[in-house]
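K.L.:
I'd like to ask some things about the structure below.
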Amino acid sequence: MIVFQSLTKAELAELLLPLSRIRSSRHPEADDPEAAAKLEKKERKQAAYRAQQIFHWVYQRFVTDWDQMTDLSKDLRNWLKENVTIFRLTEKVSQQALDGTHKFLWTLHDQKTIESVIIPAALQEKDEVGSDAPTESELMGQGKRFSGRETKTAIDSQKWGRLTVCISSQVGCAMACKFCLTGVQGLDRHLQTHEIVTQVLETRMRAPITNIVFMGMGEPLHNLDNVAKACQIILDQDGMGFSKRKVTVSTSGLVPAIDELGKRVDVSLAISLNSTTDEQRSAIMPVNKKWNIKALLDACRRYPLGPHRRITFEYVMLKDFNDSMEDAARLVALTKGIPSKINLIPFNEHSGAEFKRPSDEVVKKFQRYLGDRNITATVRISRGRDILAACGQLRSIFGTARGTEKHKDWAGLKVQAVTESAQATEDQSLG
Ligand code: SAH
Ligand code: SF4
C-alpha cells in the first residue's frame with residue numbers, strides 16, 4: 001500500500017495516470033504522433049485534476065474515507081481503496097494546559113511516540129522590546145476558545161489570530177546538544193514524510209492551525225529528504241495551503257543541508273545559535289566542531305529568503321555561561337547585516353541538566369541591550385511548573401507566564417490537575 005501523505009500532488013497524479021488512459025479501439029498514436037501527444041496531454045490533465053480533487057478532500061475537508069469522496073468515480077475509489085491508504089496518527093495523550101498550550105503525544109506504527117504542540121498566538125506575540133506585555137483582555141481576545149474544527153473562513157478572517165503547531169522531525173536526535181533533553185536521548189529514527197505531514201493534518205483537524213514550526217523533537221535537516229518533501233506537501237495550495245512565511249524549519253546548523261533546503265523549498269529558517277564564540281558553542285553543540293559559527297552565518301547570508309523576510313536566531317540563555325553583556329555585544333556583531341530577529345529562550349531546566357536558567361532580570365537586561373541597538377529580540381519567560389504543558393523545550397520557547405483560569409477552556413477541554421505522573425511525563429518527553 002502507498003501512503004497518501006507521502007505523495008506530492010504531482011506524484012499522485014503520476015500514480016493516477018494509468019487510470020486516466022483513454023481507451024479506444026483505435027489507437028491514434030500508432031499512426032499519428034500529433035494525436036498521440038494530444039491524447040497524452042489530455043490524460044495528464046485528467047490525472048492532475050483527480051489528484052487535486054483528492055488533495056482537497058483530505059487536506060481541506062479532512063475526509064479520510066475514500067467512499068465519501070463523492071465526486072470521484074466508483075472505479076477510481078475502488079482502485080484507491082486497494083492501493084492507497086490515508087495514514088492516521090494514534091493519539092496517546094492529548095493534554096491541555098492552563099495557558100492554552102495543547103500537547104499531543106502520538107503513537108507511531110512501531111509503538112514509538114512523538115510529540116506535537118499547539119501554541120496559541122497570545123503566548124507568542126508581544127514581548128518585543130518597547131511593547132508592553134499583553135493585557136488580560138488582549139490575551140482573552142486572542143486566546144479564544146474553539147470547539148473542534150473551524151472553517152477556512154475563520155482562519156482567513158483571522159478570528160483566531162495565530163495558532164502555531166510545533167512538530168517533530170525525528171524520534172530523538174543525534175546532535176547531542178548538552179542542554180537539550182532530546183539530545184541526551186540520542187537518535188532513534190527519522191520520521192517518514194507522511195509522519196511529518198500527518199502531525200499537521202491531525203492537529204489541523206482539531207484546531208485552526210495557521211503556522212508551523214519544526215521545533216519539536218529532532219534535527220529537521222538531519223532528515224532533509226523527508227522534511228523538504230513534507231514542506232512541499234504542506235505548502236501545496238490545493239492541500240493545506242500554508243504560506244511559505246508560516247512554515248519555519250529550525251536547525252542546529254547543518255550547513256550543507258541549509259543550502260540544500262533553500263534549493264528545494266521556500267520556507268522560513270530559524271537557527272539555534274545559542275553561543276557567540278566557537279569555543280563556547282562547541283562546548284554545548286558538537287555540530288559546531290564540524291561547521292563553526294562563521295560557516296553557519298555564511299550559510300544564513302546565502303539562504304534565499306526573499307524580500308521582507310528574516311531569519312530567526314534562537315538563543316538559549318544559560319546562567320553564567322552565555323548570558324553576559326559581552327555575549328550580547330558579540331551577538332550584535334555576529335548578526336550584523338543579516339536580516340534577522342533574535343528569540344531569547346531562558347533555559348528550561350530539566351532533571352540532570354548541568355545548566356541553570358538566568359534570572360528574569362538578566363534576561364531582560366540582555367534583551368534591552370539588543371533592543372537598544374535596534375535588534376528585534378523576543379523573550380519567552382516561563383514561570384515555573386504550575387501548568388501542564390508537558391513539553392520542556394516548547395514551553396520554554398513559547399512561555400507560559402500568563403495562563404489564567406479563563407484559558408483553561410481553550411479547545412473545549414478541561415485542565416487536569418497537575419499530578420506526579422504528569423510531572424514525570426514532562427521530564428521524559430521533549431528536552
Ligand atoms: N533541532 C532543531 C529543532 C528542535 S530544538 C534545533 O536545534 O534548532 C528547538 C529549540 O529548542 C532549539 O532552539 C533549542 O536550542 C531549544 N532548546 C532545546 N532544549 C532546550 C531547553 N532545555 N531549554 C530551552 N531551549 C531548549
Ligand atoms: Fe537536537 Fe535541536 Fe536538541 Fe540539539 S537542540 S539535541 S539539534 S533537538
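K.L.:
Just checking, which of Ala299, Ala270, Ala283 is under 17 Å from the mean Cα position of the chain (by Cα) and of a type outside the set (Lys, Arg)?
P.N.:
One residue alone meets the criteria, Ala270.
K.L.:
Test of understanding: among Thr210, Thr251, Thr198, Thr203, which residue is within 16 Å of ligand 2 (Cβ to nearest atom) and of a type in the set (Val, Ile, Thr)?
P.N.:
It is Thr251.
K.L.:
In addition: Looking at the range 171-186, which of its residues are within 8 Å of ligand 2 (Cβ to nearest atom) and either in contact with a strand residue (DSSP E or B) (Cβ under 7 Å, 6 or more places away or on another chain) or not hydrophobic (A, V, I, L, M, F, W, C) (or both)?
P.N.:
If the condition is that a residue be within 8 Å of ligand 2 (Cβ to nearest atom) and either in contact with a strand residue (DSSP E or B) (Cβ under 7 Å, 6 or more places away or on another chain) or not hydrophobic (A, V, I, L, M, F, W, C) (or both), then Cys173, Ala174, Phe179, Thr182, Gly183 are the ones that fit.
K.L.:
Got a sec? Which of Asp110, Asp99 is surrounded by 20 or more Cβ atoms within 10 Å (Cβ to Cβ) and either at pLDDT 75 or above or not aliphatic (A, V, I, L, M) (or both)?
P.N.:
Among Asp110, Asp99, only Asp99 is surrounded by 20 or more Cβ atoms within 10 Å (Cβ to Cβ) and either at pLDDT 75 or above or not aliphatic (A, V, I, L, M) (or both).
The values are calculated or read from the model by the stated rules, or taken from the named source; none is laboratory data. Predicted model only: the values in this text are computed from it and were never measured. Positions of Cβ are backbone-derived with ideal geometry, glycine not excepted, and every protein chain shown enters the neighbour counts.
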